[in-house]
1. Provide the per-residue ³J(HN,Hα) series for region 126-131, in order, calculated from phi with Karplus coefficients 6.51, -1.76, 1.60 and θ = phi - 60°, each as a whole number of Hz, with x at glycine and proline positions.
2. How much net charge surrounds CYS51 when only other residues with a Cβ under 12 Å from its Cβ are counted (Lys, Arg +1; Asp, Glu -1)?
3. Taking 45 Å as R0, compute the FRET efficiency from the Cβ-Cβ separation of ALA141 and LEU93 and round it to 0.05.
4. Setting aside same-chain residues fewer than 8 positions from LYS127, which lysines have a Cα under 22 Å from its Cα?
5. Would region 11-80 count as rounded, prolate or oblate if I go by the C-alpha gyration tensor, calling it rounded below 1.5 in a/c and otherwise prolate when a/b exceeds b/c, oblate otherwise?
6. If I take R0 = 30 Å and measure r between the Cβ atoms of VAL16 and THR71 in this structure, what FRET efficiency does the formula 1/(1 + (r/R0)^6) give, to the nearest 0.05?
7. Stretch ALA53-MET167 to full length: gain in nm at 0.36 nm per residue minus the Cα-Cα span?
Amino acid sequence: MVDISSLLAFVLAASVLTLTPGVDTAIVLRALATGGRRQALQAATGIAMGCLAWGAAASLGLGALLHASQTAYTVVKLVGGAYLVWLGVKLLLASTTQRPVDPADAGFRPQANAFWQGLLTNLLNPKIGIFYVTFLPQFIAPGAHVAGYSFFLAGVHVALSLLWFGMLIAAAAPLGALLRRPDTAKTLDRLTGCIFVGFGVRLASSAPGLR
């Protein structure tokens with residue numbers, strides 16, 4: 001059973017969250033700058049699959065287990081934070097070279113890796129699982145199958161994310177030549193590296209919850 005008013009409220013709330021800039025947006029733009037539209041789409045697909053995996057886990061109750069277990073949450077967040085810091089530091093180091101930035105040197109190798117980086121960045125972020133556990137139930141229609149409807153809402157969120165990334169890629173793609181200029185690429189490396197390090201430190205030092 002689908003409650004239209006609740007679904008529309010969820011779409012509105014999820015859209016606002018999707019449009020908020022963060023690590024995912026940085027990953028897609030960096031992939032676009034270094035590998036073009038195809039690599040950016042692969043990164044967006046990896047991000048979506050990571051979110052969908054957390055949506056499935058939340059619907060099966062694994063997200064609630066993560067929310068309840070301090071140890072599990074700590075392990076996942078530390079690994080995820082370390083991964084983001086590692087990517088960020090590599091980008092910052094790459095931006096100090098005198099030659100044009102090679103995507104492989106910055107940890108962004110050809111297209112397959114863009115997918116895996118998007119996927120791992122989200123799989124290693126336990127806040128996504130906790131977000132689904134605490135946020136989705138507010139929009140579950142009365143009488144609906146909780147697990148199934150939770151996964152449906154997670155799928156809606158993922159679809160909105162893919163739509164946004166598609167629009168972002170389409171809008172930024174004409175700037176590809178500019179983004180691949182050495183000076184611009186280095187500036188983008190520094191900015192993206194700082195974002196990764198900042199979010200990595202924030203994730204590693206965070207407590208269970210959405211903040």
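Coordinate-derived values only; no laboratory data. The model shown is predicted, which means the values in this text are computed figures rather than measured ones. Cβ atoms come from the backbone with ideal geometry, glycine included; neighbour counts cover every protein chain shown.
1. x, 5, 5, x, 5, 4
2. Result for the neighbourhood of CYS51: 0.
3. So the FRET efficiency works out to roughly 0.35.
4. LYS77
5. Verdict is prolate for region 11-80.
6. E(calc), rounded to 0.05, equals 0.40.
7. Full extension from ALA53 to MET167 adds 38.7 nm.
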